[in-house]
Amino acid sequence: MNNFLITGPPRCGKTTLILRIIQDSSLSDKVGGFITEEMREKGERVGFKIVSLPDNEEGLLARKGFSSPFRVGKYGVHLEDLENTGCAAIEDALRSEKAVVVDEIGKMELFSEKFKNTLLKALDSPLKVLASVMERKNEFADRIKRRPDVTVARLDRGNFEVVFREVQNWFKTPDLSEKERKEP
């Protein structure tokens, strides 16, 4: 399977696991896509930013008080930065034939049709895709989790190391594009 999705409840360590995988020095030049990071002020979470890989370009995903027709709780979602930073990073990884990291497939990201289409293009590619995905019911996310070319692991605080090793081992197997390049 070329696509590996990590799901689990909020704050269970999905982003931490992905960061630990991609910080492996042997993978640093083989990974593209994006991660999300919390934005904090005075110890309080005020929003989320998108950070592209590997160039670390940042964009605003959502922020308290941000005026937007797209809202998740108290956060206004900034689709323009999601598309210009996040989607562009996925497309760059596909063009460069790098493994694609998508952190995450969640309510905020799923407001964007461009994000959904770019994600599907990545999942349909022969390249490895490592993504975190919301656990709660969502038609689009649930459909992705049911794809026959996807492995899904549920993360919780008690199985972090087990899931980490599973993802690490998966990452070390050749993706379809590597197999195709090696075959005569």
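Here is a check on your reading of the model: is VAL46 at pLDDT 95 or above, over 21 Å from THR173 (Cβ atoms) and surrounded by fewer than 17 Cβ atoms within 10 Å (Cβ to Cβ)? When the stated conditions are applied, VAL46 passes them. Of the residues making up the range 127-176, those that are at pLDDT below 90, within 21 Å of LEU53 (Cβ to Cβ) and among the charged types (D, E, K, R) number 2. Checked against the criterion of being buried (at least 24 other Cβ atoms within 10 Å of the Cβ), in contact with a helix residue (DSSP H, G or I) (Cβ under 7 Å, 6 or more places away or on another chain), closer than 18 Å to ILE35 by Cα and among the acidic types (Asp, Glu), the range 109-123 has at least one qualifying residue.
Here's the yes/no breakdown for (1) under 13 Å from the mean Cα position of the chain (by Cα); (2) in a loop (DSSP other than H, G, I, E, B):
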| position | (1), (2) |
| --- | --- |
| CYS12 | no, yes |
| GLY32 | yes, no |
| GLY47 | no, no |
| ASN56 | no, yes |
| ALA89 | yes, no |
| VAL101 | yes, no |
| GLU104 | yes, no |
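LYS179 satisfies every condition listed in (1) surrounded by 14 or more Cβ atoms within 10 Å (Cβ to Cβ); (2) in contact with a Pro (Cβ under 9 Å, 6 or more places away or on another chain); (3) modelled with pLDDT under 95 except (1).
The values are calculated or read from the model by the stated rules, or taken from the named source; none is laboratory data. The model shown is predicted, which means the values in this text are computed figures rather than measured ones. All Cβ positions, even for glycine, are placed from backbone atoms using ideal geometry, and neighbour counts span all protein chains on display.
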